Amino acid sequence: MAVRTLAVACALFMGMCIVANSAPADMTHAFCKIIWLFGLQCDQVNMAIVTQMKAMGSYKLGPVTAASIQANHTSGVGQIESVNFSMVSTAMSLGCHVEGSSVSAFWFSLLDNGTNYCNLHNVIQGSGLTKAPGFVEFTNEWLCLGVGLSACK
């Protein structure tokens, strides 16, 4: 049990360091970046994300590899966001570190009331990954504009 606790503590610390050092690439578009940790193998996480995106219907999948998933999301009002997930195995393949990002295509959507957060959150929640062992989510208003205003459906 002590080894598992140490592994989780190390993963949390690494995740916080990554979040603290991350910066958005483009400050003229609404964006969201989230980091998740899962106590599952990355291939299971990848399959769950792809399956959920296909089931939702509002995502058009682009290239999918073992390490990344690229897609476009079209909202109910026709707004388009670029959605990406990248994943890497954590220490000794005990889990999976996933970085998700969603960026609006239009410059005038800077304040999106959490749309980009919901694009990512709804996939992870709908896939059941929020109930996976070791699930942890890292984000904040600096990495995810409007996260505090989001009301995901």
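The values are calculated or read from the model by the stated rules, or taken from the named source; none is laboratory data. Note that the structure is predicted; figures quoted are calculated from it, not measured. Positions of Cβ are generated from backbone atoms using ideal geometry, with glycine treated the same way; all protein chains shown enter the neighbour counts.
A few points about this structure:
- Qualifying residue in the range 114-130 (condition: surrounded by 13 or more Cβ atoms within 10 Å (Cβ to Cβ) and without any contact (Cβ under 8 Å) to a residue 24 or more places away in the chain): yes
- Test: residue in the range 55-74 that is assigned to a loop (DSSP other than H, G, I, E, B), β-branched (V, I, T), modelled with pLDDT of 95 or more and loosely packed, with under 14 Cβ neighbours inside 10 Å: yes
- Residue that is farthest from I49 (Cα to Cα), among those in the range 111-153 that are among the small types (G, A, S) and part of a loop (DSSP other than H, G, I, E, B): G146
- Leading residue by the ranking (surrounded by the fewest Cβ atoms within 10 Å (Cβ to Cβ)) among those in the range 75-91 that are under 12 Å from the mean Cα position of the chain (by Cα) and closer than 18 Å to Q44 by Cα: S86
- When we screen L129, L94, L111 for residues that are farther than 16 Å from A30 by Cα and modelled with pLDDT under 95, the only hit is L94.
- Test set (1) part of a strand (DSSP E or B); (2) surrounded by fewer than 16 Cβ atoms within 10 Å (Cβ to Cβ) - C32 fails condition number: (2)
- Unique residue being of a type in the set (G, A, S) and in contact with a strand residue (DSSP E or B) (Cβ under 8 Å, 6 or more places away or on another chain) when the list is S127, S86: S86
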